[in-house]
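A.B. asks: This structure is in structure tokens; I'll ask about it shortly.
The values are calculated or read from the model by the stated rules, or taken from the named source; none is laboratory data. Predicted model only: the values in this text are computed from it and were never measured. Cβ atoms come from the backbone with ideal geometry, glycine included; neighbour counts cover every protein chain shown. What goes into the accessible areas is simple: the full protein's heavy atoms, side chains included, and nothing from ligands, DNA or RNA. Shrake-Rupley method; radii C 1.70, N 1.55, O 1.52, S 1.80 Å.
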Amino acid sequence: PDGGKAPLPVNRLDVPALRMHTSGTGGAPKPIIVSMRSLLINCDAMKRAFHWGPQTRALTVLPISHANGLVISSFLPWFAGGSSVLLDGFHRSTFWATARETGVTVCSLVPTVMEYLLADGSDATDQELRAGTLTEIFSGSGPMRPDTAVEFEQRFTIPVRQLYGLSETSAVLTVTPKVDAGGLSRELRGSIGSEVPHAVVSVIDPHGVECASGERGEIVARGAMLMDGYAGDASATAAAFADGWFHTGDRGYRRRGPDGHWWFFLEGRLREVIPRAGSAILPQYVDNVVAGHPAIEQAATVGFANRWYGQEVAVYVIPRYSVTEAEILTWCRERLEFAQQPKVVIFGDEMPCTAVGKVRRAVLADRLAEQLSSHWESTFR
């Protein structure tokens, strides 16, 4: 009956489905290949962990050239039988009105966007802003300050769920549970949650041994949602999957939560650690402390060459209103150990970020290098 034609090939799930690029926070963006199997398995994991279904309508404001906007905000609602509303980008002045008019129920944002919404000087009341069907915000693509989530939930009474994943994991590895606004303790508010179905997540030391509760190490993962590899780069792929784990390059730790599951905590990129006189300074931790100052809209910490300590700590800030370097340094002295304290504050009005809002710390350090070179001989005592 086929008229002599060869039979059509059987469709397989282990074929390439997506070619995406990493965000480029740790260097040049790398192309990755994700199979159809990995994509569908991660969509199933997210659907079950997020509790999405036909009633879900997602507002897509993040670039669909990256996993967050494409997989979480577009593919996932369709997989769950729901729908999505695709915008050309985030616009602070129209975000809430658009959410109301389109009847969306969920939206995935990045911490930077949430900070912009909190800083909005609109004359509308918070009740008017949140009127509509938006019931949850998901935050990912970078660590979120606990204060940001707490303030967002208090102001808008919309629960914020923190998720974690990379382009290499096709989307999500961990997520915090579905609870009412204010339902998480402050300690757990700083967590990226527990592993989603189909994923195995752990933390290992430099020797590949799994870390005990509270012990810092590299976050690693196993599971069928992982990428096939980096396109055209077998050596980088092999290094990423060394010892049977996918190595995220992120530093963090885990603790048992009240539900008995491991809850994971993200502290930043391993390669971004600032080596100062034998101490390893985590820039993301310093970022959060500086950004906690009410006058600071954004903060990014970088290391710079110093004769006496190898590297010292500087912070680049974008202020909300007038504030002095002395005020910021005093704020830090009251909250950080001496080695962690920024010794130099540089003010600006533009933060180099990726398309999904991650700070490009290496780019920032390069931009500030000449200015910071004048502190080569400084002792900062």
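A.B. asks: Tell me, which residue of the range 224-257 that is in a loop (DSSP other than H, G, I, E, B) and touching a helix residue (DSSP H, G or I) at 6+ places or on another chain (Cβ under 8 Å) is surrounded by the fewest Cβ atoms within 10 Å (Cβ to Cβ)?
C.D. replies: Within the range 224-257, the match that is surrounded by the fewest Cβ atoms within 10 Å (Cβ to Cβ) is Ala224.
A.B. asks: From (1) surrounded by fewer than 17 Cβ atoms within 10 Å (Cβ to Cβ); (2) not in a strand (DSSP E or B), pick out the condition that doesn't hold for Leu188.
C.D. replies: (1)
A.B. asks: Could you count how many residues in the range 311-369 are among the polar types (S, T, N, Q) and in a loop (DSSP other than H, G, I, E, B)?
C.D. replies: Number of matching residues: 4.
A.B. asks: Restricting attention to the range 277-293, does a residue exist that is open to solvent by 40 Å² or more (accessible area, probe 1.4 Å) and of a type in the set (D, E, K, R)?
C.D. replies: No; the residues of the range 277-293 include none that is open to solvent by 40 Å² or more (accessible area, probe 1.4 Å) and of a type in the set (D, E, K, R).
A.B. asks: Another one. Mind checking whether some residue in the range 357-366 is farther than 13 Å from Phe304 by Cβ, among the small types (Gly, Ala, Ser) and buried (at least 19 other Cβ atoms within 10 Å of the Cβ)?
C.D. replies: Looking for residues that are farther than 13 Å from Phe304 by Cβ, among the small types (Gly, Ala, Ser) and buried (at least 19 other Cβ atoms within 10 Å of the Cβ), one finds at least one in the range 357-366, hence yes.
A.B. asks: When Phe152 is evaluated against the numbered criteria (1) within 30 Å of Asp14 (Cα to Cα); (2) touching a Leu at 6+ places or on another chain (Cβ under 7 Å), which criterion, by number, is the only one it fails?
C.D. replies: (1)
A.B. asks: More than 29 Å from Val150 (Cβ to Cβ), out of contact with any His (no Cβ under 8 Å at 6 or more places or on another chain) and of a type in the set (Asp, Glu), is that true of Glu297?
C.D. replies: no
A.B. asks: Being surrounded by fewer than 20 Cβ atoms within 10 Å (Cβ to Cβ) and modelled with pLDDT of 95 or more narrows it down to one residue among Glu325, Glu370; which is it?
C.D. replies: Glu325
A.B. asks: Where in the range 1-103 are the strands (runs of 3 or more DSSP E), entirely inside, with at least 3 residues that are modelled with pLDDT of 90 or more and open to solvent by less than 80 Å² (accessible area, probe 1.4 Å)?
C.D. replies: Output list reads 31-35, 57-60, 83-86.
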